[in-house]
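Every number in this text was worked out from the coordinates using simple rules, so none of it is lab data. Given the structure is predicted, the values throughout are model-derived calculations rather than measurements. For neighbour counting, all protein chains shown are included, and Cβ atoms are generated from backbone atoms with ideal geometry for every residue, glycine included.
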Amino acid sequence: MLTNKHLGTVSVVCRFALAIGAIVFSPMVVGHGFGQRYDLPVPLWLWVTGAGATIVLSFVIVGVFSRNHGAKTAYSRFNLLNVSFLRCLAHRVPLAIVRAVAVIFLIATVLAGFVGDPDPFRNLAPVMVWVVWWVGVAFICALIGDLWALVNPFRTLFCWAEWTFSRLTSGAQLSVARPYPHALAMWPAVAGLLIFFWAELIWSGGSVPRNLAIAVMIYAVVTWVGMFVYGRDVWLQNGDTFSVIFGILARFAPLELRVVDNTAVVSTCAGPACHYKALECVNGYHCLARVAPEQRQWNLRPPALGLLNDQRVTFSMMILVIVLLATVTFDGLLETRLWTHILDRTLSDEIRWVGSAALVLFSAGFLFIYLFFSALMCRLAQRYGENNGVGRLKSTLEVASAFVLTLVPIAIAYHLAHYLSYLVITGQYFIPRVSDPFGYGWNLFGTADYKVDIGLLSARVAWYLAVTFVVLGHVFAVYLAHVVAGRTFGGGRAAHLSQVPMVVLMVLYTMVSLWILAQPMVA
């Protein structure tokens, strides 16, 4: 069991890393979305090297203070439903209201795209899709809990359709519920993620409200067809891009929903959240609806430890995490002068093809690098684990799948660092648009005249927050990798030495990501 000693180790490492970061790092950044800049008083190479050294020292401290490799996945938790006020918030009525509001925003977004003002700054659709949905919901899922699974308006509309169909047909089911093909795995979610990032980063029409409305409708149709063919929750758990991504991010969050003491429900569930040896379902909202209230828990838990469950990570899920990390990094690269120089050498009618090829190659490169370092880990484990009782030797893909969730804190950290100022500054456009979603001059809630304050988050504050996010994200990742290494390779030299390639990979990514954040932005 992961005890308070393990949590104390993380606390020591975090404080140490922040102290080193405060000494090494000096401000130089342009806030994402506005043009303030700070210059480094020390050479860039010294600054980036110091960042990598912070991660190395964190690895050493984790190895010294954390002796137990945490083979089990249990952790301390507190059930918030034991508090009467919070138990009222979890009642079906507040949840129904929140879900209805989410449906209203979905309908308003689509209608605004089709019949509203074509100016992106006077239309609700762009800020809802790119800022509130993608950035805002991702932040909430990673830092609080899986909000998307609770309020998903596409799921809510399908549930309403199921209820109506059942009433009209004397209890018949709307979904044909065919068995989900094992070979399909999470590949639909991977494809959807690549298409989404292509639309965000490459597609020149991504800010046009009508285009966004069409894209949302296409996504809705695909989602509803998937739920109709394979069952509502089966499709959301496996094939739906955003349900899968937000669910992975939510494993880092300090809040979880858990089904306990119902072996019959959990053992018959095919969802990835239910693959626990203890036969408990964490964040499996499909199981929550099938059990009695006393078998539900809304738990407060230590952050990041939800990534240490004993679920087997499939190859497609590993690819999904790597693509997420690669594409978010690629987004940052697009705002550097390096990318501008590449575009300067590209003909205008070829820019989209160059960007599309770069997105795919960048993701493929990330995958190749990760598999290369995973192979090094296997090699070290084979060399030093023969007399250590580690059992059957692991393949490269098995090791890569076992360790890939340890990269999730890094993806969250870079997502926070890259998009924070974008959320705070551009997200303010939601305030006037919620009163005038179509740009018709309405003032439904008295906020239509709100003026965006670009100084709400200065570049100086954004920079220090970005550095903090990146350093802490990698510290969490180092600790998780330490625990997974002990579980995968056993104790002794095999577990310790096998971590070295992963730590090297994390150090390199730390340096690259901070270099990208430090570059003068040209967007």
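Can you give me the Kirkwood hydrodynamic radius for the range 78-254, using every pair of distinct Cα atoms, in Å to one decimal?
Values: mean 1/r = 0.0566 Å⁻¹.
It works out to 17.7 Å.
With all distinct Cα pairs included, what does the Kirkwood hydrodynamic radius of the range 387-497 come out to in Å, to one decimal, could you say?
Working: mean 1/r = 0.0565 Å⁻¹.
Answer for the range 387-497: a Kirkwood hydrodynamic radius of 17.7 Å.
Where the centroid of each part is defined by its Cα atoms, how far is the range 410-488 from the range 329-385 in Å?
24 Å
If you rank Trp235, Trp130 by fewest surrounding Cβ atoms within 10 Å, what's the result?
Listing Trp235, Trp130 from fewest to most nearby Cβ atoms yields Trp130, Trp235.
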